[in-house]
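To start, the structure under review is shown below, and the notes come after it.
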Amino acid sequence: MQRLSSTQQALDLILNQVNPCDSEGEDIDLQPDSDSEVSSDEETSSPPRKRSHLETHTGPTEKAKDGTVWRKEQVRRPLHHSTIQPYTAEGEPTALVRGTVSRRLQCFLCFINLGMLQTIQKWTVQHGQKQHYSWSMDLPELMAFIAILLLQGVIKLPSPRDAWSATLGHPLINGIMAQNRFQDIMQHLRFDNMNTRSERVKTDRFAAISDVWKSFVANCISSYTPGRYITIDQQLFPTKTRCSFLAYSATKPDKFGIKFWVACDLKSKYVCNVIPDLGDDPSRPNVVMKLMEPFMNKGRTVTTDSFFTSLSLAQQLLSQKTTLLGTVSKVCQELPESAKQNLDRHEFRTKVFSTSGTTLTVYAPKRKKTLCILSTMHSVVETGETRKKKPNTVNDYSRMKGGVDAMDQMVREYTVRSGTRRWPVAVFYNMVDIAALNAHILYEACTGVKERRIDFLMELASELAHSHVEAQKASVKTRLRQQPTTLEPGKRAKCQVKKKCNSNHATMRCADCYRYTCGRCKEKVVWKCRDCAV
């Protein structure tokens, strides 16, 4: 009996100190050795229950290099309970904009408003008067100048000068403004006071266009309420102007340009917020927090790539009721070591980790390659029933990651970008492109009219140039009316009608259009009596 008691104590000791399941989920053999002797009563008694059925389903833990503790979880099992109520409304214009916008020009002026145009007009005229004291430009002429930029982006001629050529020129551009006048405005185009720029540039590297740019961004934020999903990524506006913050990107079609951090609505591709990358902010999460600042505490979800995504960023956003979904680089020190290892022989395999409301999905789309997805919006990770068995976190990221890229592609299709040596003009080109895209989205949302973007841009250009064209016509008529209807004796002018002649001379003007008209091109009046003419 003493030996039997010692055997029972050994079994109890094993049950109390050893976990009955190893890391791979296999049961540990708890049978006693063949040398030990057990009574027949103990052999027939019911075996003890395994502790794995008594404990909660908590996987093994693993510590990352920075000290973060991750728990290894199983697929299709709830990982945590989210207390954030998701934002359910669709993206829509704000109430103030919806009640005042009904035309294309009004939509465009929501972003580049009259105050911004007056600022540009003021400093452009100031620069022009340094060379010619009588140089001037009114507001309708500046709007007509922007209209020509939009038309050049739609027509896509080899060179901006071709818009006025005899063979490639477009009648709309020729009717708005002469080529010399357009180039003259482009030469003097300025956005700030050059006399005080040297002082402001010490604290603001964007000083040459900073005031106009800030107004533009504020208008983008206040004109539209985005939906639940917002995508944040970089936009590289192609230019090779001399600039201290010119960026290089090997993965972009155009390698050099000015970089912008953009937040846009996933569904509509509306640009909600945009920040220029001036190279003086080394904190990447700080960029995401700045872009998302107007849209926090609503339950929205922001999608980022591995350039921004980190566990610390996810926790910051989560504290302000905003969830994150993004890829993580495998060199990140916040990841567990097992997540960084390639699953060489396990194609389409998924590993799940969790820590403090954050889920990490490690998926192998092919051999010797792994994809790490960090998410605070998913409380359950589920794999699909297809052959590749993609988890829902990977599918959602693939669906939500392309917002900024799609926006950039739409902007490039009808861009007003042209060659320039001044970086503020390049920034102004990007501003006009984004304003035209946002105006199109705003116009369709406010009016309910579905219109092709190219048709919208053509009509917008016509509305922008309408006031200037009408003023030009009125000015021409005024000058013609001031001239005598007949030439001086002995003076002749060439016929301006040329309906039935090639180069006849004339001495009389038309009573309606004031053009010189020869005898062959005039309209013959039927002889009538006084009674019938009444």
> Among Met377, Val217, Phe308, whose Cα lies farthest out toward the positive end of the dipole of the chain, if unit charges sit on the beta carbon of Lys, Arg (+1) and Asp, Glu (-1)?
Replying inline: Val217
> Quick one: length gained pulling Arg387 to Met194 fully straight, 0.36 nm per residue minus the C-alpha distance?
Replying inline: 63.1 nm
>> Given Cβ point charges of +1 (Lys, Arg) and -1 (Asp, Glu) and nothing else, what value in debye, to the nearest 20, does the dipole of segment 486-533 about its Cα centre take?
In response: 220 debye
>> Quick check: Cα centre of segment 478-508 to Cα centre of segment 100-166, how many Å?
In response: 35 Å
>> Starting from 0.36 nm per residue, how many nanometres of slack lie between Gln118 and Lys130 once their C-alpha separation is accounted for?
In response: 2.4 nm
>> At R0 = 25 Å, how high is the FRET efficiency between Val331 and Lys368 if r is their beta carbon distance? Nearest 0.05 is fine.
In response: 0.90
> Measuring from label point to label point, each 7 Å out along Cα→Cβ, what is the Glu444 to His466 span in nm?
Replying inline: 2.3 nm
>> Can you compute the FRET efficiency between Val201 and Thr485 using 1/(1 + (r/R0)^6), with r the Cβ-Cβ distance and R0 = 41 Å? Round to the nearest 0.05.
In response: 0.10
> Which of the chymotrypsin sites (Phe, Trp or Tyr not before Pro) found in segment 130-232 are in a DSSP loop and have at most 14 neighbouring Cβ atoms, other than their own, within 10 Å?
Replying inline: Tyr133
> Dipole of the chain, Cα-centred, from +1 at each Lys and Arg C-beta and -1 at each Asp and Glu C-beta, to the nearest 20 debye?
Replying inline: 4720 debye
> So, in nm, how far is label Lys498 from label Ser379 when the simple model puts each one 7 Å beyond its Cα toward the Cβ?
Replying inline: 7.8 nm
> Which helices count as membrane-span-like in the chain under these terms: full DSSP H, at least 30 Å along the axis by C-alpha, Kyte-Doolittle mean of 0.0 or more?
Replying inline: 423-447
>> Within 10 Å of each candidate Cβ there may be at most 12 other Cβ atoms; applying that plus a DSSP loop requirement, which trypsin sites (Lys or Arg not before Pro) in segment 114-197 survive?
In response: Lys130, Lys156
>> Assuming 0.36 nm per residue, please report the length gained on full extension of the stretch Leu96 to Asp455 beyond their Cα-Cα distance.
In response: 126.6 nm
>> If I take R0 = 22 Å and measure r between the Cβ atoms of Leu246 and Lys156 in this structure, what FRET efficiency does the formula 1/(1 + (r/R0)^6) give, to the nearest 0.05?
In response: 0.30
> Considering only DSSP states other than H, G, I, E and B, which GluC sites (Glu not before Pro) in segment 431-532 qualify as loop sites with at most 16 other Cβ atoms within 10 Å?
Replying inline: Glu451, Glu523
> Going toward the positive end of the dipole of the chain, with +1 on Lys and Arg Cβ and -1 on Asp and Glu Cβ, which of Phe348, Tyr429, Tyr397 do you reach last?
Replying inline: Tyr429
>> As a quick test, which of the pairs Lys252/Lys368; Lys259/Lys290; Lys366/Lys390; Lys290/Lys321; Lys330/Lys369; Lys369/Lys390 have an alpha carbon distance above 19 angstrom in this structure?
In response: Lys252/Lys368
> Which entries in Lys214/Lys255; Lys340/Lys401; Lys267/Lys351 show an alpha-carbon gap greater than 24 Å?
Replying inline: Lys214/Lys255; Lys267/Lys351
> Just how many pairs of Lys in segment 486-533 have C-alpha atoms closer than 25 Å, counting pairs that are eight or more places apart or on different chains?
Replying inline: 12
> At Asp138 and Ser306, where each label point lies 7 Å from the Cα along Cα→Cβ, what is the point-to-point distance in nanometres?
Replying inline: 5.8 nm
> How many percent of the alpha carbon pairs in the chain exceed a separation of 38 Å?
Replying inline: 50 percent
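Just so you know, all these numbers are worked out from the coordinates, no wet-lab data involved. For clarity, every value in this text was computed on a predicted model and none was experimentally measured. Methodologically, a virtual Cβ is constructed for each residue, glycine included, from the backbone with ideal geometry; neighbour enumeration extends over all protein chains shown.
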